[in-house]
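Peer 1: Got a structure here, written out as structure tokens. Questions coming.
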Amino acid sequence: MNRPLRPLINKTSLLPRPNEYTLALENELKHLAFSEERAPANKGLWRKVIGVESSTSLDLEIGTGNGLFFAHHASQMKQRALVGLELKYKPLIQSIRRAQRVGCKNVAVTRYHAFNLDEIFEPGEINNVFIHFPDPWTSPKKPKNRLTNAWFLEMIHGLQAPGSYLNFKTDSREMFEWSLEEIKQTPYKVEFQTFDLHHSDWSSQNFTTGFEKIFISQGVQINFIRLSK
Ligand SMILES: C[S@@+](CC[C@H](N)C(=O)[O-])C[C@H]1O[C@@H](n2cnc3c(N)ncnc32)[C@H](O)[C@@H]1O
């Protein structure tokens, strides 16, 4: 699949009215939370921005939502750093605040469209990547918007350091099966794959995200794959 046009998102500075989240983004959380206008200046410099050694592993969560996994991962993996990517202001700010509340100093978040990730990260800058319950875009004309399309996965692959992995979870079996075909077109190796994460060998090491809790309460099976570079 060829690269689609770079998606444009509205600029924070041009919003007609600030709200409590945009104000936090541009004021008290400015050193840890980046708008789409400020994020590109961090390209190649995320470890420095977060304040960790250049040898520290730097992970990325795409679509943090309310930040349950973001805060969990950052607090369990204090020897690593974590960047959270979000389009929406409220979850962006919720995620960084949740991580701060549990004492994490190894984190940053940024508002950015995932498809433009190569504008804010250098090749090889990222270690492990987490994509949990991305929008499934199930209408027939929309699969090109999926975060698991081949060209986007290939872009992430290029931004990851060798030896890194990518975890992907979804409630949508249809999206998952489509993604498996896309993955075949990329250089990733499949380490583990299941259509029913919670009844698989991986269940004991799984952390249940905000959206995952909802799907589980509805009895939906969770699809999971770990890819490695
Ligand atoms: C369904 S929620 C899942 C949230 C969380 N990962 C979880 O499992 O609870 C998907 C999140 O991804 C964000 N998102 C969607 N498309 C995105 C994109 N292109 N770039 C960055 N974030 C995106 C949405 O704003 C939303 O918060």
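Where a number appears in this text, it was derived from the coordinates with a stated rule and is not lab data. Keep in mind that this is a model prediction, so the values were computed, not measured. As a convention, Cβ positions derive from the backbone with ideal geometry for all residues, glycine included, and neighbour counts pool all protein chains shown.
Peer 1: Using r as the Cβ-Cβ distance of Glu181 and Arg17, and R0 as 41 Å, what FRET efficiency do you calculate, to the nearest 0.05?
Peer 2: Numbers: r = 44 Å, r/R0 = 1.07.
The value I calculate is 0.40.
Peer 1: Quick check for me: using +1 on Lys/Arg Cβ and -1 on Asp/Glu Cβ, what's the dipole size of the range 105-170 about its Cα centre, in debye to the nearest 20? Can you show the working numbers first?
Peer 2: On the way: 7 positive and 6 negative charges, 83 e Å.
So the dipole magnitude of the range 105-170 works out to roughly 400 debye.
Peer 1: A further question follows. I need to check one value: relative contact order of the range 85-229, counting alpha carbon pairs closer than 8 Å and at least 6 residues apart, in percent.
Peer 2: 24
Peer 1: Can you pull the semi-axes for the chain, root of five times each eigenvalue of the Cα gyration tensor, sorted largest first, whole Å?
Peer 2: Semi-axes (√(5λ), whole Å): 26, 20, 19.
Peer 1: Can you find, among Gln218, Pro123, Gly163, the residue farthest towards the positive end of the dipole of the chain? Put +1 on the C-beta of Lys and Arg, -1 on that of Asp and Glu.
Peer 2: Ranked along the dipole, the leading option is Pro123.
Peer 1: Between 0 and 90 degrees, rounded to the nearest ten: what's the tilt of helix 150-159 against the longest Cα principal axis of the chain?
Peer 2: 50
Peer 1: Separation of the range 1-59 and the range 183-229 by C-alpha centroid, Å?
Peer 2: What the calculation gives is 28 Å, centre to centre.
Peer 1: Would you mind checking which residues have amide H under 5 Å from Phe34's amide H? H placed 1.01 Å from N; only 5 or more apart, or other chain.
Peer 2: Val109, Thr110, Arg111
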